[in-house]
1. Please list, in chain and number order, the residues 5+ apart from VAL47 or on another chain whose amide H is under 5 Å from its amide H, with Hs placed from the backbone.
2. Would you mind checking which residues have amide H under 5 Å from PHE72's amide H? H placed 1.01 Å from N; only 5 or more apart, or other chain.
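Please treat every number below as a calculation from the coordinates, not as lab data. None of these values were measured; they are calculated from a predicted model.
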Amino acid sequence: MAAPVAEGNGRTRAATGGPPRTVMVVDDDPAVCQAAVRILEQAGHKVLTASEGEEAVDQFKKRAEEVDVVLFDVVMPGVGGEGIHREAPRVKP
């Protein structure tokens, strides 16, 4: 099990060796979303979630500056992964 690691300067880094990141997880399957959240949080990352593509795009537009990575399901009802993939670079190149 991974956990955040405290550095001597009082800052925290992710158990993966780099700084903690903010990851947006987008999946319409609650079990998959929960598993991803648990793994990422245990590794020291902050996690935002959305259960469908339109919600993810709206959240990303509002919080683009803090989101480092978007992890999304490609096949979802409505706006799927391809729509997120098209829209995200328009918001944060």
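1. When sequence neighbours closer than 5 places are left aside, the close amide H contacts are VAL23.
2. Under 5 Å from the amide H of PHE72 lie the amide H atoms of VAL26, each far enough along the sequence or on another chain.
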